[in-house]
Each structure stands twice: as structure tokens, then as C-alpha cells.
1. Does region 87-95 contain any residue that is among the aliphatic types (A, V, I, L, M), surrounded by fewer than 23 Cβ atoms within 10 Å (Cβ to Cβ) and within 14 Å of the ligand (Cβ to nearest atom)?
2. Considering only residues of region 150-159 that are within 14 Å of the ligand (Cβ to nearest atom) and outside any helix (DSSP H, G or I), which is surrounded by the fewest Cβ atoms within 10 Å (Cβ to Cβ)?
3. Find all pairs meeting these conditions: Cβ atoms under 6 angstrom apart; at least six residues apart or on different chains; first residue within region 10-24 and under 17 Å from ASN328 (Cα atoms); second residue more than 13 Å from the ligand (Cβ to nearest atom) and in a helix (DSSP H, G or I).
4. Can you report the number of residues in region 301-318 which are more than 10 Å from the ligand (Cβ to nearest atom) and in contact with a Phe, Trp or Tyr (Cβ under 7 Å, 6 or more places away or on another chain)?
5. Do any residues in region 216-235 that are in a loop (DSSP other than H, G, I, E, B) have Cβ atoms under 8 Å from those of residues that are at pLDDT 95 or above and of a type in the set (Gly, Ala, Ser), where the two are at least six apart or on different chains, and which pairs are they?
6. Please go through region 356-375 and give me each residue that is touching a helix residue (DSSP H, G or I) at 6+ places or on another chain (Cβ under 9 Å), assigned to a helix (DSSP H, G or I) and surrounded by fewer than 16 Cβ atoms within 10 Å (Cβ to Cβ), ordered by number.
7. With (1) buried (at least 18 other Cβ atoms within 10 Å of the Cβ); (2) in a helix (DSSP H, G or I) as the list, and GLU411 as the residue in question, which single condition is left unmet?
8. Pick out the one residue from LYS36, LYS50 that is basic (Lys, Arg) and surrounded by 17 or more Cβ atoms within 10 Å (Cβ to Cβ).
Amino acid sequence: MDKFDIIVIGAGPAGKNIALELEKSGLNIAIIEKDKVGGTCLNEGCIPAKLYLESASYVYKLKHFSNVGVQVENISFDMQQLKTKKDELLNLLRDGASGKLEKSTVELFYGEASFIDKNSIKVGEKTLKADKFIIASGSKHRPHPLLEVDEKQIIWSRDVFELEKLPKSILIVGGGAIGCEFATFFNALGVEVHIAEFTPQLVPAEDGDVAKALQRELTKKGIKITLNANVTSFTKNKSSVNITMQTKTKVEESEYELVLVSIGRAPNTDELNLENAGIQSDRGFITVNEQLQTSTTNIYALGDVITTPALAHTAYNEASVLAKNIINNTHNKPSSIIPFVTFCQPQVASIGKNEKTLKNEGIEYKVVKHFFKSNAKAKIKGDDSGFIKLLCEKNSGIILGGAMIGQDTTELIHEILIAIEKKTSVDELAQMVFAHPTLSESIWDMVR
Ligand SMILES: Cc1cc2nc3c(=O)[nH]c(=O)nc-3n(C[C@H](O)[C@H](O)[C@H](O)COP(=O)(O)OP(=O)(O)OC[C@H]3O[C@@H](n4cnc5c(N)ncnc54)[C@H](O)[C@@H]3O)c2cc1C
């Protein structure tokens, strides 16, 4: 029987990073992966999605080309070529990730892990023992109560990366970050896109003003958006899916070649037999304290399998803080200042406190808003849509939060991240020198 200091379950961003960080301090570590090293992020999430969006972004830019004298004719799009490029990129990055594990002393076991008790785990026929366990088993697609995914006509987001040709039309059920990103991709390539969002707001987790602006911009591009929409029935035909949708005011019936279900993520805990180790969970998410410790004190959990924001960079931060806590016997908490980024077109990003939390916490605040329409670089780049909104403490002017929509806002948001972390006020920002002409100088322009 194999015995380790620590066993990590799952080799996604959370598991792989913490295993490598713990190994550096001389601990005897094993990691168990039931599928592919790199997890959701590398194999079916951030990386392929952003490659697909990058490809679509060139098509958007084409519209600006002729304005600045670049004449491009006979443009076509080859979905098969994009899929080939995606496979090459994922293989390369996966080899890099597996290579790091192979070069280290971390022992990698392939198979599905399930607890026997709080110190032992089963992987296939093997039993492994450890003093401590770290659960980093991540998440999977959240199933729709009605729409049964067949991975052909009704698909998950990961199936998009296997498509060999574009559909004529697609219904995207779920208008969150992932739904809006795929809407952008398909719309850029001429597919008829309809987003059906169950709540009254597109990107429901985002600032209300930003969400409304995004709805306006996507509608301008020809994307149909229905809010308060509930799919009530469907029938599949040979080459289409017939959908009936209840909205606030009417019942709508339409036909689509493809239906994409993207209504969020569900934790990967069903197979872990958590009860054998006495680990508590809530609707599948593992319950942890601020130091990521579960109800069983030698077992920790992090990443998408707990209720912190389901993002790769949350997983990285939690992995780094937890590794240091275990090595140094400290009790630090992961950061709560997390950037939220949606790579649709225009991009959406936010950080820190939003108006709702400030009101709930009774903090007096003021809003500073600046539109990219008055930014030279946005005009040069051919898209001056969107704005930046800063939320500052009323008296001190210290920046507490921010939300933005527009070009490259998934990059710009990091300026606000640093300002919040360093408790910077708008007056202090106004004294700094921002290069011209840049999108970044919008932030200086709005506070000076
Ligand atoms: C389409 C899409 C786009 C996304 N885009 C972004 C983005 O732009 N930016 C961003 O920050 N985040 C993005 N995300 C989210 C990001 O992918 C996740 O937050 C991140 O992968 C979570 O990391 P994790 O290690 O917690 O879990 P995962 O990446 O899910 O890894 C968990 C691993 O555990 C393994 N596992 C599960 N159960 C067991 C078991 N019982 N035994 C052994 N192994 C097991 C799984 O096979 C998997 O490899 C996106 C997600 C999707 C779906």
C-alpha cells in the first residue's frame, strides 16, 4: 500500500499548482487525475474558449479594416482549421503541464478517487494512504432540468470545440459569462444567435449598468436576447430542435440547428464518497472554513469544488495560499479581491465591491463614470463603445470597486485591482502619469 504526506485529488489549475508548490518543500505528494492533466481550464474551458474568441475577434476587426485603408477580399472561415489549431495548442500546453509533474517528485495516478476513510482513498484497484488530503476535483456542466444534452443537437460548451462546421442558428440557454462569450463567437462568424436568460439580467453576476450596455451592444450586432426566459418544452427533428419558451409576456416557439446549454457549473463531488471521510457539503459544494479546511481537519478543498468564484485565477490564488499555510503552519486567507472577466465583444470586467454590496454594508460611496467615446485610442482602434465605472468611498475617495465594458477591459481591470489592493484614492490616481494615447488613460481622465 502506498503512503504519502499529502494526496491531491484532481490535476486542474488548483490541484496541479498546489501539488507542485508542496513538493518544492520536500513533502511526499501524490496527485490523482481521472481524465486529463490541466482540468477544465486547459482542456475544455479558458484556453480553447479564448482561442476561439481570438479567432472571431479578427472577423470583428475586419469591419474596421477598410476604414483605415486595408482592403481585404474573399474572406472565408475554416472551422476545421480552428479545431486543428486548438488540438495542437492543447496538446502543447498539456505536455508542458504533465512534463512539470513528471520532472517533479509528485507521483501521478490516473483513475477516479473515492474516500474509504479520512486517511485512505481508493483509485481503481489501488488503496492510497495519506496524512492530509486536498480535494481539487473541480466542476462539470450543470444539467438543465428539461433539455437533455445529446452532444449532437443539444450540446455543452465543450462540444463547441469539436464542431467541424458552423450551424446556421444556435440557441444559447444561459446568458452568463460563458453563454455571452459563445454568443460573440458564433455571431462574428455569421451564425444566427439567440440567448435565452432565465433571470431579468444578462450576465447576472455583473454590475447592472454594464449588463444593460452589454445587452445593447450584443443586440446591435444582431444577437437576439430574451430575458426572464424559461424553456418549457422541446422536440428534436432530423436537422433542428424545436424549442418552446415562456417569457414574461408570451410563449415563443422557434427552431434552431443547435442548442447550447450553459447554465453554470456543478461541483465534481458525486464519486468522492465524502461521507466516508466525514466531509460536509452543501448542494455538492464542499464546505470549508476561511483557511480552506473541511469539516474533517486533515482534509482541505479549493477551486471550483467550493463556493468561491469558479475561475482559474481563484484556484491559483487558493492553491498558493493553502500551500504556504500547510508548509509554514500559518492561517492566511485567500484574497477576496478577484477580477471577473468576460471575453465577449465588447469585453466586460469587474472587481471589488459593487453597488449592491456597498448599500448592504451601509458604506457611503460615489460613482465616477467615463465613456470610451472620449478616448482617442478607442477611436483609433475602431470601437469606442462602453465605459468605466469606479465606486469610491464618499469622503476619502478610496477606490472600492469598479466595473467596465469595452475593448480590452479584461486587461484594464488590473489597474483597478492594484488601486483597490493599495487603497488608492481617486486624487492619488489623478497625480499619476498615464501614457497617451492609451485605453488606460481613460482611468486617469475620469479622476483628474
Ligand atoms: C467554457 C469555459 C470557459 C472558461 N473560461 C475561463 C476564463 O476565461 N478564465 C477563468 O479564470 N476561468 C474560466 N473558466 C473556469 C475555469 O476553467 C475553472 O474555474 C478552473 O478550471 C477550475 O479549476 P479546478 O482545478 O478547481 O477544477 P478543474 O479545472 O475542473 O479540474 C478538476 C480536475 O479534477 C479531476 N477530477 C474530478 N473528480 C475526480 C476524481 N474523483 N478523481 C480524480 N480526479 C478527479 C477532473 O478530471 C479535472 O481534471 C472557464 C470554464 C469554462 C467551462
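1. Checked against the condition, which is being among the aliphatic types (A, V, I, L, M), surrounded by fewer than 23 Cβ atoms within 10 Å (Cβ to Cβ) and within 14 Å of the ligand (Cβ to nearest atom), region 87-95 yields at least one hit.
2. Looking at the filtered set, the residue picked out is TRP156.
3. As it stands, the answer is ILE18/ALA323; GLU21/ALA323; LEU22/ALA323, since those pairs meet every condition given.
4. Selection size over region 301-318: 1.
5. Note: pairs meeting the criteria are ILE223/ALA183; LEU227/GLY175; ALA229/ALA196.
6. Within region 356-375, LYS356, LYS373, SER374 meet the criteria.
7. Of the numbered conditions (1) buried (at least 18 other Cβ atoms within 10 Å of the Cβ); (2) in a helix (DSSP H, G or I), the odd one out for GLU411 is (1).
8. Within the list LYS36, LYS50, the selection yields LYS36.
The values are calculated or read from the model by the stated rules, or taken from the named source; none is laboratory data. Source: prediction; values computed, not measured. In this analysis, Cβ positions are derived from the backbone assuming ideal geometry, glycine residues included, and neighbour counts consider all displayed protein chains.
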